[in-house]
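Everything on this sheet refers to the single structure shown next.
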Amino acid sequence: RLQREEEEAYASSQSTQGAQSLTFSKFEEKKTNEKTRKVTTVKKFFTASSRTGAKKEIQEAKAPSPSINRQASIETDRVSKEFIEFLKTYHKPGQDIYKQCKLFLDTMNHKRDLSIEEQSECAQDFYQNVAEKLQTRWKVPPEKVEKAMDQIEKYIMTRQYKYVFCPETTDDEKKDLAVQKRIRALHWVTPQMLCVPVNEEIPEVSDMVVKAITDIIEMDSKRVPRDKLACITKCSKHIFNAIKITKNEPASADDFLPTLIYIVLKGNPPRLQSNIQYITRFCNPSRLMTGEDGYYFTNLCCAVAFIEKLDAQSLNLSQEDFDRFMTGQTSPKKQESDSFSPDVCLGVKQMYKNLDLLSQLNERQERIVNEAKKLEKDLIDWTDGITKEVQDIVEKYPLEIKPKNQALAAIDSENVENDKLPPPLQPQVYAG
């Protein structure tokens, strides 16, 4: 069944490729609309009519599918406690913020029949409304406003995650399957084809590539849009470090995007389209419009759009070669600089690299042992040489020692002319 769904999703993605490639365009359009749109939805959303018939609407609301029902009660309780402790530092504004958040969550629970786009609008308007109140009514400093909005987003989206991430009413899941199948079909793409300035033969670079892949895959395990963005940011920084080590100079934007495309192809992150749509719909708009998080997320959207539209011309290949690679009839020729086939898993590559390092270490250790033995022999020869030289000198110039019982001559025995000295200078002889 899953295979049949993947085939249908892929066929649909081929026929509607233009529509799927508008993900980034929609994101840009959403950013533009956020700057001019007035906050009206929240006021309509919190009307009295929206709170009537709550029980009926809850019963009619569709239960989330098992694939997205990932709410952890322990995590939810922990986030709630952290949120309450955080709001205590705001005193009176903290109480109002908590009431606004509770009211928003209650109303969202009563409005499960809204489309995901309408729920996204409500969330975006709520963010904007609370941010304006923090700045104007409660006079909160800008740096505290940003922290407060991060905590509000974390509290709300932790509770709403299972309802709004990859909902059944959208085609996000089909897009995920189509992208995954597309990436699997492009497994033969090499770094050289994408002009990726990264040399994985360097151990430090290889480690950075592994960390970047780990971060982009870890994005799916996060429940808060800000945390998902943090994974993208960490992945991007590892990419920049890998390029810097390879080129011995800071990386540029022209180097970064091809490398990010390569990381996505190599990692094939799960539910990539669902995560992108979730961030676009429910992330705090100020975070997406400014800062490095927004920049890296924009590049990820571009990378996915490029992969969806990748063709022979994009890789400087002939259409014939591209079709043969895609169908698996042949694979690209192995580059001389490549030590391993691109089909070999990363763990096997690392194992062979470690074996090479151990072999080099063994040779180096043998050289050190030989040098140590040579040094020991030189020390022994030097000691023997010094000993022989000392013995030769002793034999050539022997030390003569007179017997102790030999009487010593008088000090002035040789002075025969003492009598000629004046009396004060004549030596005096005493008997004894």
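From 279, 245, which residue is crowded, with 21+ Cβ neighbours inside 10 Å and either of a type outside the set (A, V, I, L, M, F, W, C) or part of a helix (DSSP H, G or I) (or both)? Result of the check over 279, 245: 279.
Scanning segment 296-312 for residues that are touching a residue at least 60 places away in the same chain (Cβ under 8 Å) and in a helix (DSSP H, G or I) yields 296, 297, 298, 299, 300, 301, 302, 304, 305, 307, 308.
Scan segment 135-143 and tell me whether some residue there is modelled with pLDDT under 95, of a type outside the set (Val, Ile, Thr) and within 22 Å of residue 228 (Cα to Cα). Working first, answer last.
Restricting attention to segment 135-143, the residues satisfying the condition of being modelled with pLDDT under 95 are 135-143.
With of a type outside the set (Val, Ile, Thr) added as a condition, the list becomes 135, 137-139, 141-143.
Those left that are additionally within 22 Å of residue 228 (Cα to Cα): 143.
Yes - at least one qualifying residue is present in segment 135-143.
Give me the residue from segment 192-220 that is of a type in the set (S, T, N, Q) and in a helix (DSSP H, G or I) and, out of that set, modelled with the lowest pLDDT. So that I can check it myself, show each step before the final result.
Within segment 192-220, the subset of a type in the set (S, T, N, Q) is 192, 199, 206, 214.
Now drop any that are not in a helix (DSSP H, G or I), which leaves 206, 214.
Working: 206: 92, 214: 97.
The extreme case among them is 206.
Scanning segment 318-327 for residues that are over 24 Å from residue 174 (Cβ atoms) and either in a helix (DSSP H, G or I) or in contact (Cβ under 8 Å) with a residue 40 or more places away in the chain (or both) yields 319, 320, 321, 322, 323, 324, 325.
Can residue 223 be described as of a type in the set (Lys, Arg) and either outside any helix (DSSP H, G or I) or in contact with a Gly (Cβ under 9 Å, 6 or more places away or on another chain) (or both)?
yes
Scanning segment 85-119 for residues that are in a loop (DSSP other than H, G, I, E, B) and either in contact (Cβ under 8 Å) with a residue 24 or more places away in the chain or surrounded by 14 or more Cβ atoms within 10 Å (Cβ to Cβ) (or both) returns 110, 111, 112, 113, 114, 115. Just one residue in the set 75, 82, 57 is at pLDDT 90 or above and in a helix (DSSP H, G or I); that residue is 82.
Among the criteria (1) modelled with pLDDT of 95 or more; (2) acidic (Asp, Glu); (3) touching a Pro at 6+ places or on another chain (Cβ under 9 Å), the one residue 227 does not fulfil is (3).
The single condition from (1) touching a residue at least 12 places away in the same chain (Cβ under 8 Å); (2) of a type in the set (A, V, I, L, M); (3) touching a helix residue (DSSP H, G or I) at 6+ places or on another chain (Cβ under 6 Å) that residue 315 fails is (3). Determine whether segment 149-172 contains at least one residue that is free of Cβ contacts under 8 Å to residues at least 40 places away in the same chain and of a type in the set (Phe, Trp, Tyr). The answer is no; no qualifying residue exists.
Condition first: surrounded by 14 or more Cβ atoms within 10 Å (Cβ to Cβ), in contact with a helix residue (DSSP H, G or I) (Cβ under 9 Å, 6 or more places away or on another chain) and under 23 Å from residue 163 (Cβ atoms). Can you find one or more residues in segment 136-143 that meet it? Before you say what the answer is, go through the steps one by one.
Within segment 136-143, the subset surrounded by 14 or more Cβ atoms within 10 Å (Cβ to Cβ) is 138, 140.
Pick out the ones that are also in contact with a helix residue (DSSP H, G or I) (Cβ under 9 Å, 6 or more places away or on another chain) and you get 138, 140.
Then drop every residue that is not under 23 Å from residue 163 (Cβ atoms), which leaves none.
For segment 136-143, residues surrounded by 14 or more Cβ atoms within 10 Å (Cβ to Cβ), in contact with a helix residue (DSSP H, G or I) (Cβ under 9 Å, 6 or more places away or on another chain) and under 23 Å from residue 163 (Cβ atoms): absent.
With the condition kept exactly as written, say whether any residue in segment 287-295 is touching a residue at least 24 places away in the same chain (Cβ under 8 Å) and hydroxyl-bearing (Ser, Thr, Tyr). Checked segment 287-295: no residue is touching a residue at least 24 places away in the same chain (Cβ under 8 Å) and hydroxyl-bearing (Ser, Thr, Tyr).
Identify, from the list 168, 201, 173, the residue that is surrounded by fewer than 17 Cβ atoms within 10 Å (Cβ to Cβ) and within 14 Å of residue 277 (Cα to Cα). Reasoning before the result, please.
Details: 201 fails: within 14 Å of residue 277 (Cα to Cα); 173 fails: surrounded by fewer than 17 Cβ atoms within 10 Å (Cβ to Cβ).
The unique qualifying residue is 168.
Out of the residues in segment 152-195 that are among the polar types (S, T, N, Q) and closer than 23 Å to residue 126 by Cα, which is nearest to the chain's Cα centre (by Cα)? Only one residue fits best here, namely 158.
The values are calculated or read from the model by the stated rules, or taken from the named source; none is laboratory data. Owing to the predicted nature of the structure, the values given are computational and were not obtained by experimental measurement. Note: ideal-geometry Cβ built from the backbone for every residue, glycine included; neighbour counts use all protein chains shown.
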